[in-house]
Amino acid sequence: MKLNKEKFKSDYKRKLLNTFAEEIKDASKLHKYFALGGLVRDYVTSNWVNTTKYYKERGEKQVYYFSMEFLIGRLLVSNLLNLGIRDVCFEGLKDLGIDLNELEEVENDAGLGNGGLGRLAACFLDSMASLGIPGHGCGIRYKYGLFEQKIVDGYQVEIPDNWLREGNVWEIRKENKAVEVKFGGRITSTYENGRLTFIHHDYEAVKAVPYDTPIVGYDKNTVNTLRLWSAEPIDEGFDFSTFSRGDYVKAQAYRASVESISQVLYPDDSNREGKLLRLKQQYFFVSAGLQSIIRSYKKAGFSIKDFHKHNAIHINDTHPSVAVAELMRILLDEELLSWEEAWHITTNSMAYTNHTILAEALEKWPVDMFRELLPRIYMIIEEINRRFCEELSRKYVNQGGKINSMSIIQDGLVKMAHLSIVGSHSVNGVAKLHTEILKHQELSNFYDFYPEKFNNKTNGITHRRWLLKANPKLASLINETIGINWIKAPIELNRLESYKNNKGFQDKVYDIKRQNKIQFSNMVKSKYGISLDPNSIFDVQVKRLHAYKRQMLNVLHIMHLYNQLKENPNLDIVPRTFLFGAKASPSYHLAKQIIKLINSVASKVNSDPQINGKLKVLFLENYSVSLAEKIIPCADVSEQISTASKEASGTGNMKFMMNGAITIATLDGANIEIKDAVGEDNIILFGLKASEVLSYHKYGGYSSWDIYNNDIRVNKLLNQLVDGSLAPSHSEFKNIHESLLMFNDEYFVLKDFDAYVKAQEKIDALYRQKSKWQEMSITNIAHSGIFSSDNTIREYSKGIWGTKEIDNISI
Ligand code: 26V
């Protein structure tokens, strides 16, 4: 948008005055932030209204990305950048004595997600809007996001994340767009006009109120919508049809039970707990979302029979998969279509992405619970399953076992992945290897039956947030070097390839990394009182804490370096700073113990004068999107060391390479595609391959005891976990010790230890060759463009949704 500095300054002063009746000199930082956010929203509104109207009037095909998680982070600067007014605002505010960077820090992260899956949804929203694709998010407006993590005595402590405390300047409550969602009760049927009709009695109704957030496209008029639903009691908490008037206690209980639906995000990204509330959350936002889509679709005057031609519904993992049955319910019971018509529309609308092969994360609901909470939905799933099994039995004659294993309802459980596959026209994995594993291992029966449904869509990240916004110095250098086209066409970053041996350019990239490291170290010094050495290698592992991600391998290596330095204080190593950031699910004890271990190792190493600055270890509290934006630009080394086959894709790996870090990696997830992009010389690979891991799973043959008994380094390290070296109590790390020995090291940490140590030695040697290292770093940046989520979204749009890119919305 066009805006000059003077206009901005007068707009801003007026906004502050109108909103808070204050002049700049009297306003708090919070008010200054809210005034700026409010002004940005004002700037966006007319394009927002126009975009919505344009889509509706032209009947453009729109995609709705249904997700339990949207890990948005902060929006202020990202919106300013996408509007093209960041510099004007920065300068204008400076004239007014205000620092934009300080205002940015006032905004609470919208942390409505656990990790990769939620952040991917947020990157996708940015890319859809920036490409001009009519695409919106649909989710839950959790009152509390993912917990805030404090580290107390080395232990993780969880604090509620009250992100809405001061209000949210980006959202607009749309009371008039509220819908009702029905739970429980019972179903009866009658014949009406020759049609079997179902009636829902004695249900509990919940009011779903949408809150809309504009999603601003980069240098475009497009403003899409993220619609998040909040659960509220009907009639101020009294549902007169259910409770007798004046039954205050019951009414309060009703209110609390309703409000609990959108109260908290489940802080768990792998260990599924059979929680009724979670199923309620899923149906709540899916039903509300579909009802509102259909309502506005019909209002635009189109036929319900063409629904799938104008709408695509995307199911982000199985969490929203009840959408298959809910759309069927609406089409059958409310739109009175036949089963065949409804099924045609549903399967042609729905598409499903799988994000993990970890068995414990695959959702299954006990039939009893499901039927009681969603009686009509359960009936529909039974019918979907009956027809599906019938179809199977025509192809697989006398193969009851196979049919049973593919059934949606089996052993008293409703299998949501099966429902998603049967009810969608597309099933995709999130990296090439992951999709192959789905096709040939996890979902091979389904792949045999529906080969045409399966496809790969390798994940991506928005280069606008993860380079342009997070690393402004590097972004400016790139602009000076190859121009600004890469911002719209990120593949053009590959033009940097021809500068990889240019000494002047190498030095500049090195300097920027160093400046970023210094800036970060200053923050660390003031927050933790710890001094970091910007000349050391910054070696970073930030991601959720999980055994398969193998933070343990990293810690054992640090302990090993420490042991070596104790034996030989003159050992010649490049000084290293090991940085960790990770939240552990509150109920995941092993993961929490690993956090404690990292902190114990950190205090031991950091306080040992003999180490002489050669090693530093720091666990950063409360890893989040805004912290990621600060830490990733100063990483020299990116740790992507999951057990091969377990990390579906990874997206942190892409963010690091885009900022010039060298990846140390197993051949897992998208690491493989990063290797293909940069070449084997520009990534440090080690460890078991996926095929080897899968073969150990299948045939056995691995004994962690053998390694413990034969490798003296490993022997010493494991003993140190339980001999008081790291904690006064010998049992502090007992579970970790047991998981590695007694339980035979499920994730092959010890098996890969030797290869990992060698890979780390390679890093040490390469870092000494400054020019070589810079060449590798630049090569990584140059080849990161293909991992822009713009590319990924184009693939979804062409290959799955059938949506188109709209160049310019003009009404
Ligand atoms: C499962 C559950 C189960 C119930 C409690 C809450 C909850 C939340 C999330 C999940 C599934 C998590 C799956 C996930 O996050 N997968 C990650 O997806 C990324 C984006 O595709 C991918 O890059 C990561 O490799 C993958 O681990």
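The values are calculated or read from the model by the stated rules, or taken from the named source; none is laboratory data. As the structure is a prediction and not an experimental result, all values here were calculated from the model. Counting neighbours? That spans all protein chains shown, and the Cβs are built from the backbone with ideal geometry, glycine included. What goes into the accessible areas is simple: the full protein's heavy atoms, side chains included, and nothing from ligands, DNA or RNA. Shrake-Rupley method; radii C 1.70, N 1.55, O 1.52, S 1.80 Å.
A few comments on the model shown:
- Farthest toward positive dipole pole in the stretch 530-623 [+1 Lys/Arg, -1 Asp/Glu at C-beta], among Ala602, Gly581, Tyr548: Tyr548
- Computed extension gain for Glu360 through Glu180, at 0.36 nm per residue and net of the alpha carbon distance, reaches 61.5 nm.
- With every protein chain in place, the chain: carbon and sulfur % of accessible area (1.4 Å): 49 percent
- Full extension of the chain between Tyr450 and Asp711 gives 89.2 nm of extra length, using 0.36 nm per residue less the Cα-Cα distance.
- Bridges between two residues of the chain, per DSSP, are antiparallel at a rate of about 45%.
- Violating pairs (Cα-Cα greater than 18 angstrom) within the set Lys596/Lys751; Lys630/Lys758; Lys275/Lys592; Lys583/Lys689; Lys453/Lys689; Lys53/Lys804: Lys596/Lys751; Lys630/Lys758; Lys275/Lys592; Lys583/Lys689; Lys453/Lys689
- Annotation for the stretch 386-424 versus the stretch 83-122: alpha-carbon center distance of 48 Å.
- Using the Cβ-Cβ distance between Asp511 and Glu761 with R0 = 25 Å, the FRET efficiency computed as 1/(1 + (r/R0)^6) comes to roughly 0.40.
- Whole-number D in µm²/s for the stretch 495-603 (Stokes-Einstein; Kirkwood sum over Cα pairs; 4 °C, 1.567 mPa s): 79 µm²/s
- In the chain, helices alone account for a calculated mean residue ellipticity at 222 nm of -14000 deg cm²/dmol, with every DSSP H run of four or more residues adding -39,500 (n - 2.57).
- In plain terms, the bigger the Kirkwood radius, the slower the diffusion; for the stretch 2-158, with that radius from Cα pairs, at 20 °C and 1.002 mPa s, Stokes-Einstein puts D at 121 µm²/s.
- Semi-axes of the equivalent ellipsoid of the stretch 271-316 are 29, 11, 6 Å, computed as sqrt(5λ) over the eigenvalues of the C-alpha gyration tensor in descending order.
- Between the stretch 329-346 and the stretch 135-195, the alpha-carbon center distance in angstrom: 27 Å
- Relative contact order for the stretch 280-337, counting Cα pairs under 8 Å that sit 6 or more residues apart, in percent: 52 percent
- Cβ-Cβ FRET estimate between Ser587 and Ser46, R0 fixed at 35 Å, reported to 0.05: 0.15
- Accessible area expressed per residue, the chain, with surrounding protein chains retained (probe 1.4 Å, Å²): 38 Å²
- Dipole size of the chain about its Cα centre, with +1 on Lys/Arg Cβ and -1 on Asp/Glu Cβ: approximately 1200 debye, rounded to the nearest 20.
- Of the residues Phe505, Phe20, Phe743, ranked by 1.4 Å probe accessible area with the largest first, the sequence reads Phe743, Phe20, Phe505.
- Start at zero, step by 5 Å, and the Cα-Cα distances of the stretch 539-597 spread as 4, 17, 27, 19, 13, 10, 7, 2, 0 percent across the bins.
- Approximate spin-label separation Glu340-Ile484, in nm, with each point projected 7 Å along Cα-to-Cβ: 5.7 nm
- Contact order, relative form, for the chain: 14 percent (alpha carbon pairs under 8 Å, 6 or more residues apart, mean separation divided by residue count).
- Compactness of the chain, expressed as Rg and Dmax over alpha-carbon positions, Å: 27.2, 91
- Taking the stretch 1-106 and dividing mean pair separation by its residue count, relative contact order in percent (alpha carbons under 8 Å, at least six apart): 41 percent
- Cα-centred dipole magnitude for the stretch 442-528, charges only on beta-carbon of K, R (+1) and D, E (-1), debye, nearest 20: 660 debye
- Full-extension gain in nm, Asp608 to Leu196, via 0.36 nm per residue minus C-alpha separation: 140.6 nm
- The stretch 318-450: C-alpha gyration tensor shape, a/c 1.5 cut-off, then a/b vs b/c: rounded
- Computed on the Cα trace of the stretch 580-726, the radius of gyration divided by the Kirkwood hydrodynamic radius gives Rg/Rh = 0.98.
- With 10 Å bins from 0: P(r) over the stretch 280-394, alpha-carbon pairs, percent: 12, 43, 36, 8, 0
- Hydrodynamic radius (Kirkwood) for the stretch 658-811, which is based on Cα pairs only, to one decimal in Å: 19.2 Å
- Longest site-free stretch - the chain; sites: trypsin sites (Lys or Arg not before Pro), DSSP loop, at most 14 other Cβ within 10 Å: 276-803
- 10 °C / 1.306 mPa s Stokes-Einstein diffusion coefficient of the stretch 631-703, Kirkwood radius on C-alpha pairs, µm²/s: 125 µm²/s
- The separation of the stretch 525-546 from the stretch 758-811, counted between C-alpha centres, amounts to 24 Å.
- Of His319, Ile172, Ala489, farthest towards positive along the dipole that unit charges on Lys, Arg, Asp, Glu beta carbons give the chain: Ala489
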